[in-house]
Amino acid sequence: MNEDIIEPNNYVFIRLPSATLRITKLAPHSTIHLGKFGSFYADDIIGKSYGYTYEIKDDKHVDMIYSSEGLFPSSTIDADEEEDGGETENTPVPEVKDVGTNENTRDDPAVQKLSMTEIEALKKTASGEKIIETVIKSHAAFDKKSVYSQEKYKRRKQQKFLRRFTPCSVGSCEIIEYFQYKDHHRILELTSESLGLILSLANIRPGGKYIVMDETGGLVAGAMMERMGGEGMIMFAHENEHPNMDVMKFMNFPEPLVAQMIKTINLFELFYPEEEEDMKMLSEDTLSKMKSSRRGQYYRRLARHVELQSVFQQISDGLFDGLILATTLETKPLLDKLIPALQGSRQLVVYNTAKEPLVATSHDLMADLRVLAPTILESRVRKYQVFPGRTHPEMTSKSGGGYVLWGTRVLPSKVQAGGKKRRKPNAPMPSSNGNGDAGKKAKVAETWREEHTETVA
């Protein structure tokens, strides 16, 4: 499968002029509806590359826009800023020109000469750019606006009337952008920055074996699969009968790859492996006499039994390379059970939307000799508008990002540290000939150390 080409029956993100994302499944011979932006035939973009911008025509077919305009035509300000080419270290910063003010403008609906009826009629007969041009010409106070206000006015009208879209491939960052403004609680308020921090701290890499408890609909597990490149194994722990991977399905992973990399186990099976029923092996003669439906059911149960036994063995042997918990459940019993499954010098990461549960967990881990230096981290990124003379933070932003607890699995030695006890100043020296109470105590202590000292390889 070519990841750069739009494949049939794949999920695709549609980026609209209104700066929103829509997710849709591109079934062959189907029609995709985008609300006020129109509808188009899916076959027109299947087999094409991601990232190109298309314009919807009246017959529901699309035309590819080959210029660098993208969703929006180039503005005059952007053109002025880029007409001299790229900047270098010696390029002087341009002076900010006098662009006027908005002190004489008034927000009065009467300045627009077109009525809503006339605008609706234009939508049925004219293209998006023609509508925008007509609306601007009919605006009586447009020339009184400053240059920047004129550009912002044009951009608002482009977001409203242009019938363009850009298909984007579905990755973990696009899913976060989509759910961040739609239903950010569904992904536990994760942001791209916090997800990247989790994956980096957990040292996710191809070929590794990891344990994850993911209550983000499989977003964290899907991001791990992206980094692992189809190599390795993920043990997906969940609290229900079946794992929730509703978000991961949007990432278009092939089903055989998911079955190969992800091994699921619920918490009951994890905490009480002895309750797992023994699988009764049936002979070939018995299987041949069974109905095909029952025979298929038997083989599925057998495959599940073998998979669970393999997971139990790996947990018992402590062969995993990392642990990630993105859950609202209490983490102490989970850590007590899963920390022994990690190899030495491996990372454990706990994510939560609130700081207080992680503070309590960090206190428990500080007293646990199996985890070194538990640390709570936070990642926040504020977006800025960057233009000459107009650089400032964006006026609105979305909360979220949560907190991350990070520690390193260590294997504490059983050897007790020994040392000579300091003699108090002016204290009498113990007898060296073995006579007296002091000499006896020294001999007993020396004998005890010899008996209890272990050699560390």
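Among the residues of the range 142-168, the ones that are at pLDDT 85 or above, more than 16 Å from residue 129 (Cβ to Cβ) and surrounded by 19 or more Cβ atoms within 10 Å (Cβ to Cβ) come to 1 in all. Considering every residue within the range 301-317, establish whether at least one is polar (S, T, N, Q), over 35 Å from the mean Cα position of the chain (by Cα) and loosely packed, with under 12 Cβ neighbours inside 10 Å. For the range 301-317, residues polar (S, T, N, Q), over 35 Å from the mean Cα position of the chain (by Cα) and loosely packed, with under 12 Cβ neighbours inside 10 Å: absent.
Here residue 66 clears all of (1) more than 25 Å from residue 152 (Cβ to Cβ); (2) under 29 Å from the mean Cα position of the chain (by Cα); (3) at pLDDT below 85 except the condition numbered (2). Of the residues 244, 240, the single one that is open to solvent by 10 Å² or more (accessible area, probe 1.4 Å) and under 19 Å from residue 352 (Cα atoms) is 244.
Just one of the listed residues (118, 189, 193) is within 39 Å of the chain's Cα centre (by Cα) and surrounded by fewer than 19 Cβ atoms within 10 Å (Cβ to Cβ), and it is 193. For the range 42-71, the tally of residues that are closer than 21 Å to residue 252 by Cβ, aromatic (Phe, Trp, Tyr) and surrounded by fewer than 19 Cβ atoms within 10 Å (Cβ to Cβ) stands at 2.
Of the residues in the range 309-318, none is at pLDDT below 85 and of a type in the set (Phe, Trp, Tyr). For the range 202-253, the tally of residues that are within 13 Å of the chain's Cα centre (by Cα) and of a type in the set (Ser, Thr, Tyr) stands at 1. Within the range 214-233, which residues are buried (at least 24 other Cβ atoms within 10 Å of the Cβ) and not polar (S, T, N, Q)? Across the range 214-233, the qualifying residues are 214, 218, 219, 220, 221, 222, 223, 224.
Looking at this structure, is residue 252 in contact (Cβ under 8 Å) with a residue 12 or more places away in the chain, out of contact with any helix residue (DSSP H, G or I) (no Cβ under 9 Å at 6 or more places or on another chain) and either of a type in the set (Lys, Arg) or farther than 22 Å from residue 299 by Cα (or both)? When the stated conditions are applied, residue 252 passes them. Selection of the range 260-282 for residues being open to solvent by 60 Å² or more (accessible area, probe 1.4 Å) and closer than 20 Å to residue 209 by Cα yields 260, 271. Of the helices (runs of 4 or more DSSP H) contained entirely in the range 168-266, those carrying at least 3 residues that are of a type in the set (Gly, Ala, Ser) and closer than 20 Å to residue 321 by Cα fall at 219-228. Within the range 197-221, being touching a Phe, Trp or Tyr at 6+ places or on another chain (Cβ under 7 Å), within 24 Å of residue 381 (Cβ to Cβ) and not hydrophobic (A, V, I, L, M, F, W, C) holds for one residue alone: 214. Restricting the range 275-304 to residues that are among the basic types (Lys, Arg) and either in a loop (DSSP other than H, G, I, E, B) or in contact with a strand residue (DSSP E or B) (Cβ under 6 Å, 6 or more places away or on another chain) (or both), the residue that is modelled with the highest pLDDT is 291.
The values are calculated or read from the model by the stated rules, or taken from the named source; none is laboratory data. Since the structure is predicted, the reported quantities are computational estimates derived from the model, not experimental observations. Every residue, glycine among them, receives a Cβ derived from its backbone with ideal geometry; neighbour counts consider all protein chains shown. Side chains are part of the model used for accessible areas, which takes the heavy atoms of the whole protein and leaves out ligands, DNA and RNA. Shrake-Rupley method; radii C 1.70, N 1.55, O 1.52, S 1.80 Å.
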